[in-house]
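Asker: Right, I'll just put the structure down here and ask away after.
The values are calculated or read from the model by the stated rules, or taken from the named source; none is laboratory data. Note that the structure is predicted; figures quoted are calculated from it, not measured. Positions of Cβ are generated from backbone atoms using ideal geometry, with glycine treated the same way; all protein chains shown enter the neighbour counts. Side chains included, ligands, DNA and RNA excluded: accessible areas come from the protein's heavy atoms. Shrake-Rupley method; radii C 1.70, N 1.55, O 1.52, S 1.80 Å.
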Amino acid sequence: MDLWSLEPVALPAELDVLRRGVRAFLAEELSSGRIAPNCDQWLGGWDHAFSRRLGERGWIGMAFPAQYGGSAAGALARFVVTEELLAAGAPVAAHWIADRQSGPGLLRFGTEEQKQAFLPRIARGECFFAAGMSEPDTGSDLASVHTRGRQVDGGWRLTGTKVWVSGAHRTHAMIALARTEPRTADRHAGLTQFIVELPDPDVHIRPIRLLTGEHHFNEVVLDDVFVPDARVLGEPGSGWQQVTSELAMERSGPERILSTFPLLAVAADHLAENGERSGASRVGAVVGRMWALRQLSLAVAGRLEAGAAPAVEAAAVKDLGTRFESVVIDTVRLLSQVVPDLGSNRPLPRMLAEAILHSPGFTLRGGTNEILRGVVAKELGVR
Ligand SMILES: Cc1cc2nc3c(=O)[nH]c(=O)nc-3n(C[C@H](O)[C@H](O)[C@H](O)COP(=O)(O)OP(=O)(O)OC[C@H]3O[C@@H](n4cnc5c(N)ncnc54)[C@H](O)[C@@H]3O)c2cc1C
């Protein structure tokens, strides 16, 4: 792989109009108090009504064709919308997984009935999905999932435990990866993805709390839950190929750089208001680094727009981006001398506390940095 073959992308001028529209909408949402800015809102900012307002404007499901309720606007337009939402610290968690990976997965592998049943509702901001991949003994080594799918009359019965499942207590469905054939030498064979509609009396969802005490992710116990044949996603046995394409979607976006951007923006204002000029060069260095990463992330979106599957490039940019997100926190701590305080009504101490407490997850979620480096090393032929 030649990472530097990532071509620089200049956004077409018409996307400036889209960007201005999103900014104007967000300014109105913020000034009216309907939303409040925060860090890491694509994990923690759950707001059904806000998702619906985005859906009304065509800003969810931008990758879906019009026949399924999308705007078919493409990866670059979606990049512009998502980076504006993230930079503003808007509450986008409710629809994030459905828009980013479950919807595109349904579009690629789903039956016509599944597409009709879910995609228009996702695009309207009315149907949310969770990703059921990780298990207590299976995170990085996803092919070793223990959840089993057993074929029965008219469908399948799933048994097993998923962990760290973001949003499962509030979503309408979870796409679960399960082993449906005995394990053989080819450990990637015999896995299947299922659309488990929620809530279900045989699906037990328990909170796993973040360090802040917030409830965003869950343990999900599948207790012999029945899933009809109509809710198998793709071909039985093809789950590995499907889940890796889902992970490529999961890893490729600007959210891997911008989780702490609202903190940086608030801190820069704070330093300027207090006449703190001494830290200007450090802030400048952080912004410069962010801009370079943003260009890389944009180049990944450019590859997606061109129909490529830039999984390795996305892995490299995610590794660089998620480490940068913590550099932002360290820089703000150093320069602002503000005491982090989750309960503060001032944005800087509150955002700083929240960012610090969310930061352990940055380099874990969506595949840890060690695993991502393994992906890159393999491609380079050094592993
Ligand atoms: C905020 C957050 C949200 C999440 N949301 C979801 C979700 O919605 N759905 C979902 O399914 N999962 C979710 N996850 C789980 C996430 O995908 C896993 O935490 C991640 O894949 C790591 O798996 P693990 O926790 O089992 O750690 P392990 O795989 O046990 O890894 C532990 C450590 O060992 C290292 N390691 C493991 N294998 C290797 C190796 N081969 N080489 C080098 N180092 C290695 C890892 O890098 C890590 O540092 C979420 C996680 C977080 C933090």
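Asker: Compute, for residue 330, the solvent-accessible surface of its heavy atoms (probe 1.4 Å) with the complete set of protein chains present, and express it in square angstrom to the nearest 10.
Answerer: Surface accessible to solvent at residue 330 totals approximately 90 Å².
Asker: Turning to a different aspect of this structure: Could you tell me the relative contact order of region 32-120? Use alpha-carbon pairs under 8 Å, at least six residues apart, and round to a whole percent. Present the calculation step by step, with values, prior to reporting the outcome.
Answerer: Values: 108 pairs, mean separation 33.8, N = 89.
Over region 32-120, the number comes to 38 percent.
Asker: Ordering 47, 137, 269 by how much accessible area each has at a 1.4 Å probe, largest first, what is the list? Present the calculation step by step, with values, prior to reporting the outcome.
Answerer: Details: 47 40, 137 125, 269 90 Å².
My answer, sorted largest first, is 137, 269, 47.
Asker: Here's a follow-up. Residue 180's amide H: which non-local residues (gap 5+, or another chain) put their own amide H closer than 5 Å, with H modeled 1.01 Å from N in plane and none for Pro or chain starts?
Answerer: So residue 180 has HN proximity to 149, 191, 192.
Asker: Hey, another quick one. For region 252-380, what is the convex hull (Cα atoms) projected area averaged across all directions, in square nanometres? Before the final figure, lay out the partial values.
Answerer: Values: hull surface 34.0 nm².
Quarter of the Cα hull surface area: 8.5 nm².
Asker: Placing unit charges on C-beta atoms (Lys and Arg positive, Asp and Glu negative, everything else neutral), compute the dipole magnitude of region 149-241 about its Cα centre in debye, rounded to 20. Working shown, then result.
Answerer: On the way: 10 positive and 12 negative charges, 63 e Å.
That gives region 149-241 a dipole magnitude of about 300 debye.
Asker: Subtract the Cα-Cα distance of residue 383 and residue 368 from 0.36 nm times their separation in residues, and report this length gain in nm to one decimal. Before the final figure, lay out each step's value.
Answerer: Values: separation 15, 0.36 × 15 = 5.40 nm, distance 1.71 nm.
So the chain would gain 3.7 nm between residue 383 and residue 368.
Asker: Let me ask something else about it. How much mean residue ellipticity at 222 nm does the chain get from its helices, if each DSSP H run of length 4 or more adds -39500 (n - 2.57) and you divide by all residues, to the nearest 500 deg cm²/dmol? Mind dumping the intermediate values first?
Answerer: Details: 14 runs with 174 residues, N = 383.
That comes out to -14000 deg cm²/dmol.
Asker: What whole-number value in Å² describes the accessible area per residue of the chain for a 1.4 Å probe? Write down the numbers at each step before the final one.
Answerer: Details: 16390 Å² over 383 residues.
Accessible surface, normalised per residue, equals 43 Å².
Asker: Another one. In whole Hz and in residue order, list the ³J(HN,Hα) couplings for region 333-340 that follow from phi through the Karplus curve 6.51 cos²θ - 1.76 cosθ + 1.60, θ = phi - 60°; x for Gly and Pro.
Answerer: 4, 5, 7, 8, 6, 8, 7, x
Asker: Region 83-200: D in µm²/s via Stokes-Einstein (Kirkwood Rh, Cα pairs, 37 °C, 0.692 mPa s)?
Answerer: Numbers: Rh = 15.4 Å.
It diffuses with D of about 213 µm²/s by this estimate.
Asker: In addition: Percent antiparallel among DSSP beta bridges with both residues in region 131-238, to the nearest 5?
Answerer: On the way: 30 of 34 bridges.
Of all bridge pairs located within region 131-238, approximately 90 percent are antiparallel.
Asker: Report the dimensions of the chain along its three principal axes from the alpha-carbon atoms, largest first, rounded to Å.
Answerer: Sorted largest first, the three principal extents are 71, 49, 42 Å.
Asker: Using the Cα centre of the chain as origin and beta-carbon charges of +1 (Lys, Arg) and -1 (Asp, Glu), tell me which of 188, 81, 355 is placed farthest towards the positive end of the dipole.
Answerer: 355
Asker: What is the set of long-range amide H partners of residue 156 at a cut-off below 5 Å, with H atoms built 1.01 Å from backbone N?
Answerer: 227, 229
Asker: Just the number, please: carbon plus sulfur as a percent of the accessible area of region 131-238, 1.4 Å probe, no ligands or DNA/RNA counted. Before the final figure, lay out each step's value.
Answerer: Numbers: 2390 of 4800 Å².
The value for region 131-238 is 50 percent carbon and sulfur by accessible area.
Asker: A further question follows. 7 Å from Cα along Cα→Cβ at both residue 183 and residue 57: what's the point-to-point distance in nm?
Answerer: 4.7 nm
Asker: So what are the ³J(HN,Hα) numbers for region 43-57, from phi and the Karplus equation (6.51, -1.76, 1.60; θ = phi - 60°), rounded to whole Hz, Gly and Pro as x?
Answerer: Values, residue by residue: 9, x, x, 9, 8, 3, 5, 5, 4, 5, 5, 5, x, 4, 8 Hz.
Asker: Which value in nm describes the separation of the simple spin-label points at residue 113 and residue 5, placed 7 Å from the Cα toward the beta carbon?
Answerer: Reported label-point gap for residue 113 and residue 5 is 4.2 nm.
Asker: When only Cα pairs under 8 Å and 6 or more residues apart are kept, what is the percent relative contact order across the chain?
Answerer: For the chain, the relative contact order is 17 percent.
Asker: What are the semi-axes of the equivalent ellipsoid of region 3-127, taken as the square roots of 5 times the eigenvalues of the Cα gyration tensor, listed largest first and rounded to whole Å? Show your work: numbers first, answer last.
Answerer: Details: eigenvalues 102, 78, 37 Å².
Computed over region 3-127, the values are 23, 20, 14 Å.
Asker: Which of the aspartates and glutamates could a cross-linker span from residue 378 if the Cα-Cα distance has to be under 19 Å and same-chain partners fewer than 8 positions apart are dropped?
Answerer: 2, 141, 186, 313, 319, 370
Asker: Counting only the heavy atoms of the protein chains, how much of residue 7 is accessible to a 1.4 Å probe, in Å² to the nearest 10?
Answerer: Here the accessible area works out near 120 Å².
Asker: Kindly list the residues of region 276-305 that lie in the label zone of residue 13, defined by a backbone N under 17 Å from the point 7 Å along the Cα-to-C-beta vector.
Answerer: In region 276-305, the label zone of residue 13 (backbone N under 17 Å from the point 7 Å along Cα→Cβ) covers no residue.
Asker: In nm², what is the average projected area of the convex hull enclosing the Cα atoms of region 131-238?
Answerer: Details: hull surface 26.7 nm².
Approximately 6.7 nm², given one-decimal rounding.
Asker: Just to be sure I understand the model, the point goes 7 Å from the Cα along the line to the Cβ. What's the resulting residue 140 to residue 66 distance in nm?
Answerer: For residue 140 paired with residue 66, the spin-label model returns 4.8 nm.
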